[in-house]
Amino acid sequence: MPRETLDSKLTQIQDEIYLLGSMVEQAVLDATNTLKTRDLKEAKRIYEEDTVINEKRFALENAIIILLATQQPFARDLRLLAAMLLVVNELERMADYAKGIAKINIKIGKSDIAIPVRDFQKMAEQSVSMLHRGLDAFLKQNPNQAAAIPQEDDIVDDLYTKIYHETIQYAIANPSQMDEANDILWIAHNLERFADRVTNICERTIFITTGELMEMSSNDDEGDVSDS
Amino acid sequence: MRSSKLNGNSKIIAKDFNLFYGDFQALKDINVDIPEHAITSIIGPSGCGKSTFLRSINRMNELIPSVRTTGNIFLDNENIFTQDVVELRKQVGMVFQRPNPFPKSIFDNVAYGPRAHGLKNKAVLVDIVEKSLVQAALWEEVKDNLNKSGLALSGGQQQRLCIARALAVEPQVILMDEPASALDPIATLKIEELIQNLKKEYTIVIVTHNMQQAARASDYTMVFNMYPDRSGYIIEYGKTTQVFTNPREKITEDYISGRFG
């Protein structure tokens, strides 16, 4: 194997992307959980620890650029590194959604608005499950596994629609809590976008293995709403 | 066996071309179209017939007594094997790996070809020498020293002098066999930039072991490989942008990724 240096550095970067992915998963699960516990101290910790994820993303980006410059990869190696650059960016943006949820939690503060905690947890668990498997498919370069994931986005979208309608009805019945109702919608939107970004990762898995850049989702056209 | 036709007008067409050194078959069933006014690079592992194919295009291999060929190569749809070889080599110039200026002045190096073809008019020669040196991006560096020996130039300058010498007979095709492998990185980039300009008027075919060079400098890339009996064939041929980002063949992938060869 004449490319042992490149291969071992690629493995290191893949391990680090795994780690970054776990941090992002934990951040969104924790942020959603604090909506249930209303632990604002914990929400503040999640909000602040986003900087750790940002730093890790930059470190990874740097390592990838160094590898591009020093190893001058072609073909699949080149596609893999280009895809990794995009995926670390996606992961960082997904962490911003967790940060955004923590920020909204703090903003809602002591308000007595009913937070649809169960549905938020379902959204978060589904999204994290998708990310976990999507990242696994990416790092194992398994296009079949990746291709099966985006359709699960419908589960998250349905939950979003359900929360949306319930929250609008709540706001109509409780006009004095219009602001808080709006905050609830932002949380739902963040979780919905989190899942959308898994699709982008799956698209890159297809790109690495086939060289084809193709859109896998049909309903990923909404504007981006997150804290950043 | 693969037949490959790319976009653009074909300048050179190889049809069922085979080449033997005695009993050893060095090239097997080469079918390929090389487009005009483009740079086509030939890459592949050592010993797979890249240079042999390049040298076939101006019949340089005929200088080796044991060489035998079957099939045909066409230049502008004319069979090169039925043409006068001197006339063919006027149309198809060649630049080699090591700069090989003649031990003559810069002027005489460039004027050598036109003189050999019978041109005696001094004023015309002066024009040709200037034009060729300009095209070879050497004029500004040597215009005040045209009587200096070609051997007194730096390696990169010598190689550009050899390119000017090839251009002076107004060829249509320039074959380059590892033209930058003996040069430093700056001289290499100068040659690469130079051939980008030359392709407007010429068709360029370049053999290189330097994958980055093929990726940087060529429009099309032809990948040679060899069969277990060591005869060379074309495994893949396509736009350079495609070959280096998404090759069709696993062998190409492994070769350009540095995983064999």
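The values are calculated or read from the model by the stated rules, or taken from the named source; none is laboratory data. Here the structure is a predicted model, which means the values were calculated and not measured. Positions of Cβ are generated from backbone atoms using ideal geometry, with glycine treated the same way; all protein chains shown enter the neighbour counts.
Of all the residues that make up segment B:105-128, how many are in a helix (DSSP H, G or I), of a type outside the set (Ser, Thr, Tyr) and farther than 22 Å from B:Ile206 by Cα?
Of the residues in segment B:105-128, the ones in a helix (DSSP H, G or I) are B:106-116, B:122-128.
Now drop any that are not of a type outside the set (Ser, Thr, Tyr), which leaves B:106-111, B:113-116, B:122-128.
Then drop every residue that is not farther than 22 Å from B:Ile206 by Cα, which leaves B:106-109, B:111, B:114-116, B:122-128.
The number of residues fulfilling the criteria is 15.
On the basis of being surrounded by 21 or more Cβ atoms within 10 Å (Cβ to Cβ) and of a type in the set (Val, Ile, Thr), does A:Val128 make the cut? Give the derivation first.
Working: surrounded by 21 or more Cβ atoms within 10 Å (Cβ to Cβ): yes; of a type in the set (Val, Ile, Thr): yes.
Yes; evaluated as a whole, the condition is true for this residue.
Considering only strands (runs of 3 or more DSSP E) fully contained in segment B:157-261, which possess at least 2 residues that are of a type outside the set (Asp, Glu), over 13 Å from the mean Cα position of the chain (by Cα) and within 26 Å of B:Leu19 (Cβ to Cβ)?
Values: elements: B:173-177, B:203-207, B:220-226, B:232-239.
Fully inside segment B:157-261 and qualifying: B:220-226, B:232-239.
Provide a single number: the residues in segment B:215-261 that are more than 13 Å from chain A (Cβ to nearest Cβ), surrounded by fewer than 24 Cβ atoms within 10 Å (Cβ to Cβ) and of a type in the set (A, V, I, L, M).
Total meeting the criteria: 2.
Restricting attention to segment B:173-185, does a residue exist that is buried (at least 19 other Cβ atoms within 10 Å of the Cβ), within 28 Å of B:Val67 (Cα to Cα) and within 14 Å of another protein chain (Cβ to nearest Cβ)? Write out each step before concluding.
From segment B:173-185, those buried (at least 19 other Cβ atoms within 10 Å of the Cβ) are B:173-180, B:183; that's our starting set.
Narrowing the set further to residues that are within 28 Å of B:Val67 (Cα to Cα) leaves B:173-180.
Pick out the ones that are also within 14 Å of another protein chain (Cβ to nearest Cβ) and you get none.
No, segment B:173-185 contains no residue that is buried (at least 19 other Cβ atoms within 10 Å of the Cβ), within 28 Å of B:Val67 (Cα to Cα) and within 14 Å of another protein chain (Cβ to nearest Cβ).
Is it true that A:Val24 is out of contact with any Leu (no Cβ under 6 Å at 6 or more places or on another chain) and modelled with pLDDT of 95 or more?
Working: out of contact with any Leu (no Cβ under 6 Å at 6 or more places or on another chain): no; modelled with pLDDT of 95 or more: yes.
Against the criterion (out of contact with any Leu (no Cβ under 6 Å at 6 or more places or on another chain) and modelled with pLDDT of 95 or more), A:Val24 does not qualify.
Yes/no per residue for (1) within 14 Å of chain B (Cβ to nearest Cβ); (2) of a type outside the set (Ser, Thr, Tyr); (3) more than 30 Å from B:Phe260 (Cα to Cα); (4) loosely packed, with under 14 Cβ neighbours inside 10 Å:
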position: A:Thr37; (1), (2), (3), (4): no, no, yes, yes
position: A:Ala43; (1), (2), (3), (4): no, yes, yes, no
position: A:Ile46; (1), (2), (3), (4): no, yes, yes, no
position: A:Ile53; (1), (2), (3), (4): no, yes, yes, no
position: A:Ala63; (1), (2), (3), (4): no, yes, no, no
position: A:Gln72; (1), (2), (3), (4): yes, yes, no, no
position: A:Asp77; (1), (2), (3), (4): yes, yes, no, no
position: A:Leu81; (1), (2), (3), (4): yes, yes, no, no
position: A:Leu91; (1), (2), (3), (4): no, yes, yes, no
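Just checking, which of A:Leu19, A:Leu86 is in a helix (DSSP H, G or I), free of Cβ contacts under 8 Å to residues at least 40 places away in the same chain, more than 14 Å from chain B (Cβ to nearest Cβ) and within 17 Å of the chain's Cα centre (by Cα)?
Numbers: A:Leu86 fails: free of Cβ contacts under 8 Å to residues at least 40 places away in the same chain.
Sole residue among the options that is in a helix (DSSP H, G or I), free of Cβ contacts under 8 Å to residues at least 40 places away in the same chain, more than 14 Å from chain B (Cβ to nearest Cβ) and within 17 Å of the chain's Cα centre (by Cα): A:Leu19.
Quick one: A:Tyr160 ticks every box in (1) within 20 Å of A:Glu16 (Cα to Cα); (2) within 19 Å of the chain's Cα centre (by Cα) except a single one, so which number is it?
In the conditions (1) within 20 Å of A:Glu16 (Cα to Cα); (2) within 19 Å of the chain's Cα centre (by Cα), A:Tyr160 misses (1) alone.
Here is a list: B:Asp76, B:Asp33, B:Asp23. Which entry is farther than 25 Å from B:Asn210 by Cα and either exposed (fewer than 14 other Cβ atoms within 10 Å of the Cβ) or without any contact (Cβ under 8 Å) to a residue 40 or more places away in the chain (or both)?
The match here is B:Asp23.
Determine which member of the set A:Met84, A:Met94 is more than 28 Å from B:Asn246 (Cα to Cα) and hydrophobic (A, V, I, L, M, F, W, C).
Details: A:Met84 fails: more than 28 Å from B:Asn246 (Cα to Cα).
The conditions single out A:Met94.
Please work out if A:Ile101 is in contact (Cβ under 8 Å) with a residue 60 or more places away in the chain, surrounded by 17 or more Cβ atoms within 10 Å (Cβ to Cβ) and not in a helix (DSSP H, G or I). Reasoning before the result, please.
Details: in contact (Cβ under 8 Å) with a residue 60 or more places away in the chain: yes; surrounded by 17 or more Cβ atoms within 10 Å (Cβ to Cβ): yes; not in a helix (DSSP H, G or I): no.
Considered against the rule, which asks whether it is in contact (Cβ under 8 Å) with a residue 60 or more places away in the chain, surrounded by 17 or more Cβ atoms within 10 Å (Cβ to Cβ) and not in a helix (DSSP H, G or I), A:Ile101 comes out as no.
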